[in-house]
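Here is the structure we will look at.
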Amino acid sequence: MRVLALGSLVLALVAATPASAQLTRAMRDYSGARAPIRGDIRLPAPVNPTLGRSVSVSREVGAIREQIDAGREAGQLDRREARALRREGRRIEAASARYGRDGYSDAEIAMLRTRTEALRSATVAKRTQGLQGK
């Protein structure tokens with residue numbers, strides 16, 4: 001009985017190995033990576049490759065800075081809050097300039113967009129809190 005169980009186990013392992021190797025190779029070919037990856041399904045490249053790479057961080061941060069200034073003038077933000085928000089905006093712009101020297105990677109674009117959206121959300125939240133306090 002043990003010999004039969006051991007034989008079927010070996011047969012199952014031998015049969016399963018080619019399928020997993022094919023799956024790994026297919027995933028590697030699809031993603032363009034050399035190392036085997038698991039679960040990384042990437043979107044197809046856009047028709048215009050520069051479209052996904054365009055990052056307008058300074059324009060977005062400039063618009064947020066205008067919101068900060070408007071909140072400061074309206075009394076919704078105190079000086080300390082406005083200064084902290086502006087400082088984060090400068091950090092985002094500095095990171096964008098640093099990353100832009102050699103071209104943006106997908107991770108850098110995602111990080112810049114996330115930080116910009118977080119700054120926008122923090123500005124709106126602090127301005128709203130300032131309205132409630134008045």
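Annotations
- FRET efficiency for ARG80 and MET111, using Cβ-Cβ distance with R0 set to 22 Å, rounded to 0.05: 0.25
- Assigned charges on the beta-carbon of Lys, Arg, Asp, Glu; region 49-133 dipole about Cα centre (debye): 260 debye
- Farthest toward the positive end of the dipole of region 49-133, out of GLY75, ALA95, ALA125, is the Cα of GLY75, where the dipole comes from beta carbon charges about the Cα centre.
- The gain in end-to-end length when the SER8 to ALA118 segment is fully stretched comes to 34.0 nm, 0.36 nm per residue minus the alpha carbon separation.
- Region 61-77 and region 83-126: distance between their alpha carbon centers, rounded to Å: 17 Å
- Net lengthening on full extension, ALA95/ALA70 (0.36 nm per residue, minus Cα-Cα): 6.5 nm
Here, each number is a calculation from the coordinates, and none is a lab measurement. On a predicted model such as this, the values are computed, not experimentally measured, just so you know. Heads up, the Cβs are rebuilt from the backbone with ideal geometry, glycines too, and the neighbour counts pull from every protein chain shown.
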